[in-house]
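Written out below as structure tokens is the structure these notes cover.
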Amino acid sequence: MAEVVPARFELDHGARGAAPLLRCTALERPGVRHGFGTRLGAAPVTSSAGAEASASAERPQQQLGAVAAAVGVAADALFRVRQVHGARVVTVPAGGKACDLAVIEADALITDRPGTAVAVSTADCVPVLLADARRGVVAAVHAGWRGLAGGVLEATLDRLVAGWGCQPEELVVVAGPAIGREAYEVGEEVVAALGHLEGAWWRPSPDRRPHLDLRAAAGELLRRRGVRQYTASTHCTRRDAALFYSYRREGSATGRQLNVIGLVAQP
């Protein structure tokens with residue numbers, strides 16, 4: 001696995017009008033604001049709420065405006081995409097509008113523009129946030145097993161290196177709340193796709209199917225690309241029903257966590 005940086009995850013209930021978010025001390029860097037979503041303060045999505053609204057108008061999640069307030073950006077400066085479990089990476093363009101990116105199919109977003117933030121939604125998949133505070137660029141990645149197998153993390157690293165000269169060993173990377181190893185029994189399709197990641201597997205007994213540790217899988221893939229500053233939450237979305245939504249626990253109608261990272265606008 002990639003080197004695990006000692007860090008704490010702390011629930012920040014936020015100021016008035018801001019969403020409660022889990023924050024990781026590893027990402028407390030100059031100019032960077034972030035948070036991993038919970039089901040606290042959630043409400044049904046409205047038609048203006050972003051990429052997933054049209055697919056499930058009643059699916060609850062923390063509201064975009066409250067999440068934006070929690071990281072200090074305007075609601076229309078919080079960018080999302082239509083997630084499809086792929087490996088496409090999108091960069092927030094100069095003058096870009098959130099509504100324009102919301103219809104693009106992708107699973108990773110990058111921004112280098114102060115006063116903007118990028119977010120991905122999850123409900124058992126791993127949200128991965130990356131930051132290079134020195135170069136002023138951050139990224140958010142939605143990584144389920146299909147995305148990991150398809151190379152979404154590698155594609156994001158490649159874009160950061162090519163576009164901003166980032167060095168993988170200097171990046172701070174944090175994997176947030178996701179389904180835990182003990183709760184994630186998988187079938188042969190997943191084994192065929194990710195079986196080469198030796199440190200990501202656990203079999204509770206010889207007669208049980210294997211279990212995948214998504215965050216260990218992400219760590220191993222990142223290490224292979226030179227990432228050294230990596231830490232992962234131990235929160236299990238399936239186990240902790242009071243704090244998180246879970247696809248495995250509640251089915252396709254469950255809500256979504258919004259996970260966000262952004263850059264502070266210069267005065």
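Miscellaneous remarks
- Approximate spin-label separation Arg203-Val191, in nm, with each point projected 7 Å along Cα-to-Cβ: 0.7
- Antiparallel DSSP beta bridges within the chain, as percent of all bridges there, nearest 5: 75
- For the chain, calculated [θ]222 nm from helices alone, where every DSSP H run of n ≥ 4 adds -39500 (n - 2.57): -5000 deg cm²/dmol
- For the chain, the Cβ-based charge dipole about the Cα centre amounts to some 300 debye (Lys, Arg positive; Asp, Glu negative; other atoms uncharged).
- Computed extension length for Glu154-Val264: 37.0 nm, one decimal, from 0.36 nm per residue of separation with the Cα-Cα distance subtracted.
- Counted by Cβ distance under 9 Å from Ala183, the other residues give a net charge of +2, where Lys and Arg count +1 and Asp and Glu count -1.
- Whole-Å distance, taken between Cα centres, linking the stretch 140-182 and the stretch 106-124: 12
- Between Ala74, Ala140, Ala87, the GNM of the chain built on Cα springs shorter than 10 angstrom shows Ala74 fluctuating the most.
- Spacing of the two label points (7 Å from each Cα toward its C-beta) at Glu105 and Ala75, in nm: 3.0
- Taking amide hydrogens as placed 1.01 Å from N in the peptide plane, the amide H of Gly41 sits under 5 Å from that of no residue at least 5 positions away in sequence or on another chain.
- Note on the chain: GNM, Cα springs under 10 Å; of Val73, Val161, Val120, the largest mean-square fluctuation is that of Val161.
- Net charge contributed by nearby residues that have their C-beta within less than 12 Å of Val174 (K/R +1, D/E -1): +3
Just so you know, all these numbers are worked out from the coordinates, no wet-lab data involved. Worth saying up front: this structure is predicted, and the values here are computed from it rather than measured. FYI the Cβ positions are ideal-geometry reconstructions off the backbone, even for glycines, and counts take in every protein chain you see.
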